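Single-structure report; data block below.
The values are calculated or read from the model by the stated rules, or taken from the named source; none is laboratory data. Predicted, not measured: the structure shown is a model, and the values here were computed from it. Quick reminder, even Gly has a Cβ in these numbers, built from the backbone with ideal geometry, and neighbours come from all protein chains shown. The area values use the complete protein model at the heavy-atom level, side chains included, leaving out ligands, DNA and RNA. Shrake-Rupley method; radii C 1.70, N 1.55, O 1.52, S 1.80 Å.
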There are 2 protein chains.
Amino acid sequence: MSSIIVTSASELNADQEDSVFVPLLSPPNSTSQVAIVGSNVCPIESLDYEIFENELFKQDWRSRGKMQIFQYTLMKWLLCFLIGLIVSLVGFCNNLAVENIAGIKFVVTSNMMLESRYGMAFLVFSVSNLILALFASMITAFIAPAAAGSGIPEVKAYLNGVDAPDIFSLRTLVVKIVGSISAVSSSLLVGKAGPMVHTGACIASLLGQGGSKKFGLTWNWLRFFKNDRDRRDLVTCGSAAGIAAAFHAPVGGVLFALEEMASWWRSALLWRSFFTTAVVAIVLRAFIDLCYSGKCGLFGTGGLIMYDVYSETISYDLMDVPAVLALGVIGGLLGSLHNFLLDKVLKIYNLINEKSVAYKICLAWLISIFTSCLLFGLPWLAKCQPCPADTSEACPTIGRSGNYKKFQCPADQFNDLASLIFNTNDDAIRNLFSKGTNDEFQYSSVLIFFVTCFFLSILSYGIVAPAGLFVPVIVTGASYGRFVGMLVGSKSNLNHGLYAVLGAASLLGGSMRMTVSLCVIILELTNNLLLLPLIMVVLLVSKTVADGFNGSIYDLIMKAKGFPYLETHAEPYMRQLSVGDVVRGPLQLFHGIEKVGNIVHVLRTTRHNGFPVIDEPPLSESPILFGDTGGIDASIQFSAGDFAKRGSGNGDKIEDIVLTEEEMEMFIDLHPFTNASPYTVVETMSLAKALMLFREVGLRHLLVIPKLSGRSPVVGILTRHDFMAENILSLHPLLVRSRWKRLRFRFPSLRKLFWGTSASIKA
Amino acid sequence: MSSIIVTSASELNADQEDSVFVPLLSPPNSTSQVAIVGSNVCPIESLDYEIFENELFKQDWRSRGKMQIFQYTLMKWLLCFLIGLIVSLVGFCNNLAVENIAGIKFVVTSNMMLESRYGMAFLVFSVSNLILALFASMITAFIAPAAAGSGIPEVKAYLNGVDAPDIFSLRTLVVKIVGSISAVSSSLLVGKAGPMVHTGACIASLLGQGGSKKFGLTWNWLRFFKNDRDRRDLVTCGSAAGIAAAFHAPVGGVLFALEEMASWWRSALLWRSFFTTAVVAIVLRAFIDLCYSGKCGLFGTGGLIMYDVYSETISYDLMDVPAVLALGVIGGLLGSLHNFLLDKVLKIYNLINEKSVAYKICLAWLISIFTSCLLFGLPWLAKCQPCPADTSEACPTIGRSGNYKKFQCPADQFNDLASLIFNTNDDAIRNLFSKGTNDEFQYSSVLIFFVTCFFLSILSYGIVAPAGLFVPVIVTGASYGRFVGMLVGSKSNLNHGLYAVLGAASLLGGSMRMTVSLCVIILELTNNLLLLPLIMVVLLVSKTVADGFNGSIYDLIMKAKGFPYLETHAEPYMRQLSVGDVVRGPLQLFHGIEKVGNIVHVLRTTRHNGFPVIDEPPLSESPILFGDTGGIDASIQFSAGDFAKRGSGNGDKIEDIVLTEEEMEMFIDLHPFTNASPYTVVETMSLAKALMLFREVGLRHLLVIPKLSGRSPVVGILTRHDFMAENILSLHPLLVRSRWKRLRFRFPSLRKLFWGTSASIKA
């Protein structure tokens, strides 16, 4: 670190010293910068995707030879390969474990029921569920609270530049994998896709930073990747791999990462994530081949397509269009209702979870008992039906899967509701999607199943355990679609299984609001290309309808958690405000040669992350802007350690640095560490235009310069928080009225009712 | 236009007048801003995607009520719907026309051959081909030269911000549609996908600007869309619709637009193009249904999937992997060779085409004759084979399609080479992809077919007619893959048809260098999801191998045409240069109050498009930057017409404006028209970082401000051309050595050989 010039105070002349001792402008810019991660409240950092141009960077870049560039490129691809390999292994093990644990549970229970020991069966079923659910929630609550929930909102926020602590730690990874297996095996209505996305992102992040620092697993040759930009790319690839492994949908995974997760995208990244998911597809394919020989226990011999509904010829004509449109419209309504209710339930759960860990565990305990009761109790309501004569499948079945479950029915009869509800989610979906089973299900059974799934999926998501949303939404949507198909009946050319597929698409569209990626994921799940035009229609209609009411489920969760997510588009009122209306001076400045004590003081008292560095040349009358520096960088200068760690974003806290009195009195030359060419905007620029720069280039802070020179060379600093609607509207309350220019249906009375409820709980 | 303040010269004080008369700095920044469009050399304009913030814009924005925003949103969707509808209609008609024209031709010729009138058959075949080819090339050469070629490079460059004239005119559209039909029907080895993309983009652009101005078809209610940003979005949707209509691949179309075409992408745009292609899919599906009843002549009853190769179970194991990898590697080599040769042939053709229109037509004439001779002559080389006993198809067939063509063979025998070569491209692909035909083709036939296609596709592209590249590459790749499959023979579990699919994928990957979009397009073409992991491997391998040699075919064509395409990533040497090293002062400035004559003079003598506007406030000693203005805007101020036309980008030339002497002496207040908050960069910023801003935000020009104030408030202006490698390297010749830091194999001797050839032709 030879370039750090430390001089004692006396070497500087007096008037400069004065201006150093008195910070030019005082109170720091402090919007609320905290959010709920998992179930804890944490401070939020921003990531920086800007090229940080200072002296050290330039030296670093120029010193890279051809060999190092080659090594860097090779390493990137190797990391992608490793991500694909590990994620597919985890995904396979996850499937294997779930199918075996849940399978044994169902086999044991079914065998007891065959002997008419119903009470014992219920006891075994509910206790094993309870143990699994409690295990999942306890490891989550005690070891890694950040592993709770789906993880998709956290990863999405990370890719937008919001660095919530602990979401990518090794602890979180382990808990997410183990917790997801036990939560899904416990018959809770939770999915595995969301946790797989988080797992993939986690693996990518850990690999990128060369292992976990805490556990001493670091590799030095990965130091090139210790910057936010490369980590972001790896995390994007990781989340693509997650979906690819969860749904055996490699192309769908890439598109999911592109459409839903990523905030920045380059075609090189598209290619790299495609490579990653190709590795996943091939490795998974190889493992599934291994299982054909029957070595995988109850895992079975399912191929690469999870719910195959291929049929040679699908014919549909104009008659089917109204039914499909209605399916889409109602699916959109249901999807937005689902999002609305989930949002409210999460708010209530958060109030409960805030109290103590015991409350969290208790909640998980309650939901598990409730679920077990429903799953075991509801099939008794269904009438037993005689087995069809012409079916190729066994009827009735006693074991785990199969369309015709025996449950409590006499010989040669089956319980259709049990086939759906007393089953793993995957098998329920397979049964709902199956063709040639138009007469299997009764109206009442499908309706009961739909209502149960709809509410259970809302109630189960918020518990403190890894819990995905995809599978619950698919199973709910499939039952809804099947029900619509039964209502339409013989008037349609489509069989009920295809209606179930369309129903799943409509509810997914209504809840998740994706288009291309959902379309491809459904295609890869069901292997039915001829249905594509109808799936596209359903997705478009349901998304359009649902967008009229509220945002996508992940956006709602991100908002509820308080992540400062930057949207791509500017709100209409941002065009009417200029940057100068929002930026809040007075701000903290550093001089080119600054006193150490002063820097430490500023860093300890502000949460702010970038500081303009100004110079006062002897001949000029006004100070000029030299550049800006990040808080973390400045702190690392003191820790005087390895400079390459700069971008890692955690650790190296200013509080941990111990300096002697003498050191505090010294001066430091900030020029070598300062980004000498930051992006700047003029204060008269509209907020919308500044947002475009901030968002497209991926900045952590943006310097605002004055229109007229002669004053201070910097007016202020814009951060992510200054673009948040809450912040702007608190500064300019008159805009609240004009804020709702985006067309959306609103129900003030309903809103009041719910807010009233949650407020009273709070009180 | 009440805000234009025009004052006579005498009202201004003397010293201001002086500075007005003498332009501060003189010669304009003029890099070569021309490119070859179609086969003509044209000046190139840049598009501007920046929000242009001046007084008028603000008034315009504030005056928009809820109703107008609603109208705007509705119109956008309606336009997308119309684009989808019209493109699918055009695509359907295109298919219908090609199948019927080419079909009749083959039926007539085959019937003559059945009567052993071989000479007559050749005459009819070659003359009809010649007439069709000449028609296509003549309408292209005389009516709309911009319609020549694929059109994908032009649209890609447009979406990057390069506005080549005439590419989206009504004339181009009509010629593209008609020319494509006749070129494809003429048995030239040219595709229809590229022209369909151009057609789609053209339709979108024309709809967006409310019809063709020249033909008086304009609608006033579309005035909101007369800006570059909205037009860009529509053109993206249009190109997605083009692929969707050409390949019946709606999802592939969206991904193609995303991966290959678009330089900027927002999730809203993803949704909108998804909607457009969904419309295409549904309309196409409806039309294909109509044709089931046999009303479409020879169009037949092909379903939505163009080359269906579905098979219930595809089993492949480790044994197949080396063969598939080898297929990918060789495919990559072939693809890069294809690109290399095509690039060279295009350069030679350009030299011929430059001479006169007669040469162009002559070239098309030669290629057509040559193609006819090959297509009719080569099958005579193949040995007739006896018809297989166990086939379900008719053998031999006389008509148009079918696997077993009779050609010159005796009864009960067929000519396998004729089945491939004496056929439409679609049927050849279908035959190559077909399963259960492992014994049909001889080694020699497939090899001859492959070599013919490889060279014909290279020779045919450059003629002056609409000509796509997709189908030629698919047919070449399929024959190559089939040949590899035959070589591997019974050692593999995959049938030869699947090898053909993989071969097509590998050559597409090696030539076009796309990943996800190609993968989905192939999937939608062939309906075989189980092959997905292998297709992914092949695409990855072939793209990786080919990228080691040269760029994608579209990039090469764009480069050959001279489009100043801005890449996403910065070249390594751009990090070592600062903006100040590249920007060329002295530049043209305007004052806030400027003399009309001065402005007109500057606009007439420069090709430059943005001018900084500076103010000299009485109290300040140094001038300050007020903003920047675009040349077109300034010119329109004089035409004093409809201000909303600003963004349309063509017409309104400065040369057309007639002003009196008196008007020339007047002064104009430029403030209301000036973008008061342009994006700026500091002169010390690295070029790489400035490029990121320029590219991500989509600018036309970028103002460079000095590091130290006190001097002129602007150092210069960066335009698209300043970021081009040619420009930078001409300024800094020492960087040429370091330029090749990107790893790529090079063959100086081969390069020399070819450059030598083309240079001697030039001489």
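A few remarks follow.
- Theoretical gain in end-to-end length, A:Asp412 to A:Ile352 [0.36 nm per residue, Cα-Cα removed]: 16.8 nm
- For the stretch A:381-394, backbone phi angles converted through the Karplus equation (6.51, -1.76, 1.60; θ = phi - 60°) give residue-by-residue couplings of 6, 7, 7, 5, 10, x, 5, x, 6, 9, 7, 7, 8, 5 Hz, Gly and Pro being listed as x.
- Annotation: extensible slack from A:Met664 through A:Asp289 equals 128.4 nm (criterion: 0.36 nm per residue apart, minus Cα-Cα distance).
- For the stretch B:396-473, accessible area per residue (1.4 Å probe, heavy atoms of protein chains only), Å²: 26
- In the stretch B:266-281, the residues whose accessible area drops by at least 50 square angstrom when the other protein chains are added to the isolated chain are B:Leu270, B:Trp271, B:Phe274; the probe is 1.4 Å and only protein heavy atoms count.
- With θ taken as phi - 60° and the Karplus curve 6.51 cos²θ - 1.76 cosθ + 1.60 applied, the whole-hertz 3J(HN,Hα) list for the stretch B:363-373 is 4, 4, 4, 4, 5, 5, 4, 4, 4, 4, 4 Hz, x standing for glycine and proline.
- Computed FRET value (nearest 0.05) for A:Leu318 with B:Phe70, which takes r as the C-beta separation and R₀ as 30 Å: 0.45
- Extending 7 Å from Cα along the Cβ direction at A:Val451 and again at A:Leu734 yields two label points whose distance is 5.2 nm.
- Label points for A:Ser444 are taken 7 Å from Cα along Cα→Cβ. From this copy to the others they lie 7.6 nm apart, shortest first.
- Inter-copy label distances for B:His732: 4.1 nm (label point placed 7 Å from Cα along Cα→Cβ; shortest first).
- Annotation: amide H of A:Thr397 within the under-5 Å range of A:Tyr404, A:Lys405, A:Lys406, sequence separation 5 or more or interchain, hydrogens built in the peptide plane.
- ³J(HN,Hα), Karplus 6.51/-1.76/1.60, whole Hz, each residue of the stretch A:537-546, x for Gly, Pro: 4, 4, 5, 4, 5, 5, 5, 4, 4, 5
- Counting from the shortest, the label point at B:Leu351, 7 Å from Cα toward Cβ, is 8.2 nm from the same position in each remaining copy.
- Placing a pseudo-label 7 Å from each Cα along the Cα-to-Cβ vector at A:Gln576 and A:Ala394 gives an inter-label distance of 7.0 nm.
- Long-range amide H partners of B:Val682 with built H, under 5 Å: B:Ile705
- The calculated FRET efficiency for B:Asn100 paired with B:Asn438, based on their beta-carbon distance and R0 = 41 Å, is about 0.80.
- Each of A:Ser116 and B:Met120 was given a label point 7 Å from its Cα along the Cα-to-Cβ line. The distance between the two points is 9.0 nm.
- Summed over both chains, the accessible area lost when A and B associate is about 7500 Å², using a 1.4 Å probe.
- Summary of packing: across the peptides A:567-574, A:119-126, the per-residue average of other C-beta atoms within 10 Å ranks them, highest first, as A:567-574, A:119-126.
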